[in-house]
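Scroll down for the structure; my scribbles are underneath it.
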Amino acid sequence: MKRLIREQGFTLIELLMAMAVFSFMLIIVATGFVQVVRVYQSGIASRTTQQNARLIMDDIVKLIRTSEAAVVVDDSVFYSHVCLTRNGQLLEYGIDASGNLRQGVITDDTCPLPVFDSSWRVVNDPAVQVTNFRLDTTPPNNNGLGTVFVTLTLASLNNLGNLNATKDACLPGVGSQFCAVTTLSSTASLRGGEGQ
C-alpha cells in the first residue's frame with residue numbers, strides 16, 4: 001500500500017488573500033505618509049511667509065522712524081513705492097516685475113519710478129512673492145514730520161494660482177493646502193532722523 005505524502009505550502013487562495021491584506025495595509029500607510037508631507041509643506045509655506053513679512057516690516061518701519069522725510073508714490077492698485085531721506089541718502093523701496101520687493105539707493109531727489117539694476121537689493125525670500133505693498137502718509141506736522149501707514153502682503157510661490165482676485169487670501173480647492181498668505185499692517189512716525 002502506497003502512502004500519500006502531504007506537501008506543505010500555500011494555496012492560491014491563501015496567497016491572494018495575503019496579497020490583498022498587504023496591499024490594503026500599504027495603501028493606508030502611503031496615504032498617511034502623503035498627508036504628513038502635505039501638512040509639513042503647508043507649515044513650511046506658512047512659516048516662510050510669516051517670518052519674511054515680519055522681517056521686511058520691521059526693517060521698513062525702523063528705516064521710516066529714523067528718516068527725515070518720506071515720499072510715497074502710488075504705482076498701481078496693489079503697489080506703491082517709497083523714498084526715504086536718511087542721513088543725506090535717498091533710499092527707495094519698490095516692487096519689480098517678478099513680485100520682489102527691492103531696496104536701492106538713488107541719486108535723483110524727486111523719487112522717480114524705480115529703475116532696478118544689480119545694485120538694488122532683493123528684500124524678500126525667494127520662496128515668497130509680494131502681492132500687496134501699499135503705503136500712505138498723513139500730512140506733516142509743524143516740524144515737517146508725518147506718519148506712514150504700511151500694508152504688506154506676501155504669498156508663497158508654491159501655489160500662486162490659488163489666490164483670490166484681491167491677492168490677499170487663498171481659494172479653496174485642489175492645492176489650497178500649499179497656499180499661504182500673510183498680511184501685515186503697521187504705522188511708523190517719522191522722527192526726523194533722531195535715534196540713529
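The values are calculated or read from the model by the stated rules, or taken from the named source; none is laboratory data. These figures come from a predicted structure and were not determined experimentally. Neighbour counts run over all protein chains shown; Cβ positions are idealised from the backbone, glycine included.
Is it the case that some residue within the stretch 71-88 is assigned to a helix (DSSP H, G or I), among the aromatic types (F, W, Y) and modelled with pLDDT under 90? The answer is no, given that none of the residues of the stretch 71-88 is assigned to a helix (DSSP H, G or I), among the aromatic types (F, W, Y) and modelled with pLDDT under 90. Which one is nearest to S189 (Cα to Cα), of the residues in the stretch 58-85 that are of a type outside the set (A, V, I, L, M) and surrounded by fewer than 16 Cβ atoms within 10 Å (Cβ to Cβ)? In this case the residue turns out to be K62. Taken as a whole, the structure places I44 among residues that are without any contact (Cβ under 8 Å) to a residue 60 or more places away in the chain and closer than 30 Å to N164 by Cβ. Number of residues in the stretch 41-56 that are surrounded by fewer than 18 Cβ atoms within 10 Å (Cβ to Cβ) and either part of a loop (DSSP other than H, G, I, E, B) or of a type outside the set (S, T, N, Q) (or both): the value is 5. In this structure, F33 does not qualify as surrounded by 10 or more Cβ atoms within 10 Å (Cβ to Cβ), at pLDDT below 90 and aromatic (F, W, Y). Considering the conditions (1) under 18 Å from the mean Cα position of the chain (by Cα); (2) free of Cβ contacts under 8 Å to residues at least 40 places away in the same chain, L101 is excluded by exactly one of them, (2). The lone criterion from (1) surrounded by fewer than 16 Cβ atoms within 10 Å (Cβ to Cβ); (2) over 21 Å from D74 (Cα atoms); (3) over 12 Å from the mean Cα position of the chain (by Cα) left unmet by N162 is number (1).
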